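Data block below; observations after.
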Amino acid sequence: MGAGSERNLTRGPTLPAGRRIYAIGDVHGRADLLAMLQRRIAADLDRHPIADPLLICLGDYVDRGPDSAGVIELLLGDAPAGMERIALLGNHEELMLRFLVDESAGPVWFANGGDATLESYGVDALDSYVRARRQFEQLFPARHRALLESLPLSHSEGDYFFAHAGVRPGTALGDQRREDLLWIRSEFLRSDADHGKVVVHGHSIAAEPQSRANRIGIDTGAYASDRLTCLVLEGEKRRFFVT
């Protein structure tokens, strides 16, 4: 068993009674799909009320898709049915925040869809990283920046651990590095190790949600596939919504 594990192996991973978690994968500028999924969550709560619902968004709200600004605005608005919401930091938000203070981050960010984010905020100086950064700094709403700079890297509930990219196998959950939580891929995806809790993550695209013994991946490439995925956890049960 992985370091830091306290899970009871006589049962499957679970959440405390009365708690239901809705976890949404990588949105990447698809404000339309996020709004649709939030309405579906509200309808699910209306049909199946529960005392303590929580919405967790797994990061990568910006880049690639057409409306990153709209996604951030939705995150600043009310969560479905007034429920609690936790939004985690993704590697694309980290790239964007780097660019805001240093235009040398531009080539990597643009190669990963940052130009689409700038267009959604009205930046038109895309032929120059220096001018684009200056324009973006002027146009980027202070409350959007404050939100992104406040996002946590991970969240833990019951037998589940939530992070954008995953975790470093063999490292206790409390000792994970920022870089791994935001960027790790193959070492985590290939691992069959028990990480101490089931890791719920995005970051690595798959055609369908990946439900494994040690991890659940819910990045279904929404920006290109039109499939934004929501994982629903309650007790020992898990189910999925896909737009």
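Multiply the residue gap between S150 and R98 by 0.36 nm, knock off their C-alpha separation, and tell me the result in nm, one decimal place.
Values: separation 52, 0.36 × 52 = 18.72 nm, distance 1.44 nm.
This chain segment gains 17.3 nm when fully extended.
Where does helix 129-139 land angle-wise versus the long Cα axis of the chain, in degrees 0 to 90, nearest 10?
For 129-139 against the chain, the angle is about 70 degrees.
Counting only protein heavy atoms and using a 1.4 Å probe, what share of the accessible area of the stretch 144-229 belongs to carbon plus sulfur, as a whole percent? Before the final figure, lay out the partial values.
Details: 1630 of 3520 Å².
Of all accessible area on the stretch 144-229, carbon and sulfur atoms account for 46 percent.
Output the 0 to 90 degree angle, nearest 10, between the alpha-carbon long axis of helix 91-101 and the longest principal axis computed from the alpha carbons of the chain.
30
Whole number in Å², please: accessible area per residue of the stretch 10-68, 1.4 Å probe, ligands, DNA and RNA not counted.
On the way: 2130 Å² over 59 residues.
Accessible surface, normalised per residue, equals 36 Å².
Looking at the chain only, what percent of DSSP beta bridges run antiparallel? Nearest 5 please.
Values: 17 of 33 bridges.
Percent antiparallel among DSSP bridges in the chain is about 50.
Please grab the % of Cα pairs in the chain that end up more than 28 Å from each other. Numbers along the way, then the final one.
Working: 9005 of 29403 pairs.
Within the chain, distances greater than 28 Å cover 31 percent of Cα pairs.
In nm, what is the difference between 0.36 nm times the number of residues separating I205 and V130 and their Cα-Cα distance?
Working: separation 75, 0.36 × 75 = 27.00 nm, distance 3.16 nm.
That pair, I205 and V130, stretches by 23.8 nm at full extension.
For n ≥ 4 DSSP H runs only, could you compute -39500 (n - 2.57) per run for the chain, divide by its residues and tell me the 222 nm figure to the nearest 500? It would help to have the intermediate numbers written out before the result.
Working: 10 runs with 84 residues, N = 243.
Mean residue ellipticity, 222 nm, calculated: -9500 deg cm²/dmol.
Mind jotting down the distance between the C-alpha centroids of the stretch 52-66 and the stretch 135-170, whole Å?
9
If exposed GluC sites (Glu not before Pro) are those in a DSSP loop with at most 16 other Cβ within 10 Å, what is the longest stretch of the chain that has none? Intermediate results must be reported in sequence, preceding the final value.
Numbers: sites that count: E6, E236.
The longest such stretch corresponds to 7-235.
Using the heavy atoms of the protein chains alone and a 1.4 angstrom probe, what is the accessible area of the stretch 139-218 per residue in square angstrom?
On the way: 3490 Å² over 80 residues.
Heavy-atom accessible area per residue stands at 44 Å².
The values are calculated or read from the model by the stated rules, or taken from the named source; none is laboratory data. The shown structure was predicted, so the numbers you read here are calculated from the model rather than taken from an experiment. Methodologically, a virtual Cβ is constructed for each residue, glycine included, from the backbone with ideal geometry; neighbour enumeration extends over all protein chains shown. Just the protein is used for accessible areas: all its heavy atoms, side chains included, with ligands, DNA and RNA removed. Shrake-Rupley method; radii C 1.70, N 1.55, O 1.52, S 1.80 Å.
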